[in-house]
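Quick notes on the structure that follows.
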Amino acid sequence: MIRGGFITFEGIDGCGKSTQADLLAKRLRSEGGVVVASREPGGTPIAEKIRALLLNSAHREMVKECEVLLYLAARAQHLKEKIIPAINRGATVICDRFQDATFAYQGFGREVTLEQLRRMNSFATGGIDPDLTFLLDVPVEKAFERLTAMKKPKDRLEDGERDFFERVRKGYRRVAADAPGRIVLLDGTLPPEVLEEKVYMITAGKLKEISCY
Ligand SMILES: Nc1ncnc2c1ncn2[C@@H]1O[C@H](COP(=O)(O)OP(=O)(O)O)[C@@H](O)[C@H]1O
Ligand SMILES: [Mg+2]
């Protein structure tokens, strides 16, 4: 059966995920590829509503268990309603964040037990993993400088936040080390066009492999 690829981008805010996801989508489309670009949390009407709940900064009292379950609820809906049908039609799905973010943010960041997250995530995904994941690794300070330059609302990284993002960055690196066959770690401080070329070459190789099933 011919199926499309499922490619995800991961890393802390400001690492360059959206930039590289867009560049890859454009490049594959320019070659005649059918690409479905999506993001997590979100990607479908229901999952976007869950995203709005999660990202509402007024919801400061949200407990980590609620946060985990909402992310996973959004993922389950997104995967079944949009990602799997697209892959089965032969499209390549490019998703800005997916399951690795749960382990990095809720696992290493908020210190939810990894084993519990594994079980809950596999309930949400039915065990479906991306074919290929790019982790764009950037120092927390650098990522924050980029966000500041983009005039994101916050202009100061508080101490608690710095520790949190350091844990998330380390967490992402651990997750990548545990899945070397799927996750490609890239130095996100390289120039965008250098990263674009690497991402494209690796993706092209993977798509070829998938279409030879
Ligand atoms: N490789 C890079 N080098 C320098 N700046 C970059 C690079 N990639 C992205 N940027 C810039 O950093 C900012 C954050 O990038 P973005 O793609 O939005 O990150 P993310 O989606 O991971 O939060 C943007 O202003 C973008 O233009
Ligand atoms: Mg982004």
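Listing for the model above:
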{"quantity": "Karplus-derived 3J(HN,Hα), 6.51/-1.76/1.60, for each residue of the range 172-183, Hz, glycine and proline x", "calculated": "4, 5, 5, 4, 5, 5, 7, 9, x, x, 10, 9"}
{"quantity": "Charge sum, other residues only, whose C-beta stays under 15 Å from Gly126's C-beta, Lys/Arg counted +1 and Asp/Glu -1", "calculated": "+3"}
{"quantity": "Placed amide H near Val184: partners under 5 Å, 5+ positions off or other chain", "calculated": "Thr133, Phe134, Leu135"}
{"quantity": "Out-of-range pairs (alpha-carbon distance over 23 Å; input Lys49/Lys206; Lys26/Lys49; Lys17/Lys206; Lys142/Lys198)", "calculated": "Lys49/Lys206; Lys26/Lys49"}
{"quantity": "Förster-model FRET efficiency, 45 Å R0, Glu161 and Ala204, C-beta, rounded to 0.05", "calculated": "0.75"}
{"quantity": "5 angstrom amide H check on Val36, placed H, neighbours 5+ away", "calculated": "Thr92, Val93, Ile94"}
{"quantity": "Rounded if a/c under 1.5, otherwise prolate or oblate - the range 6-211, Cα gyration tensor axes", "calculated": "oblate"}
{"quantity": "Peptides 73-83, 161-171 ordered by average Cβ neighbours within 10 Å, highest first", "calculated": "73-83, 161-171"}
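Quick note: the coordinates plus some simple rules give every number you see, no bench work behind them. Owing to the predicted nature of the structure, the values given are computational and were not obtained by experimental measurement. Glycine gets a Cβ as well: all are built from the backbone with ideal geometry, and neighbour counts include every protein chain shown.
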